[in-house]
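Chemist: The structure follows.
Please treat every number below as a calculation from the coordinates, not as lab data. Every value quoted in this text rests on a predicted model; they were computed, and no experiment measured them. Cβ coordinates were reconstructed from backbone atoms using ideal geometry, including for glycine residues, and neighbour counts include every protein chain displayed.
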Amino acid sequence: MLVAGRGKAHSPHRVAAAAARLLPGARTAVLPRLSHHAMPWHEPADLNARVVDFLDGRAT
């Protein structure tokens, strides 16, 4: 789960912690400089690399 670190509707670290606690095997990351709406186009290389790594099973 990628969480927007600058989200205003939630506490990003609480969301990530809850997902890790409630979903066995969940992988989470808070993207500190992003808002929810900026995720698709801000730092696309980093976002794409994270998604590809996850799909390849190499995410950390």
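Chemist: Using 7 Å Cα-to-Cβ label points, what is the Trp41/Ser11 separation (nm, one decimal)?
Modeler: Output for this residue pair reads 3.2 nm.
Chemist: Now for a separate question. Could you give the length gained by full extension between Val52 and Ala19, i.e. 0.36 nm per residue of separation minus their alpha carbon distance, to one decimal place?
Modeler: 9.9 nm
Chemist: With only alpha-carbon atoms counted, please give the Rg and Dmax of the chain, in Å.
Modeler: Gyration radius and largest Cα-Cα distance of the chain: 11.5, 31 Å.
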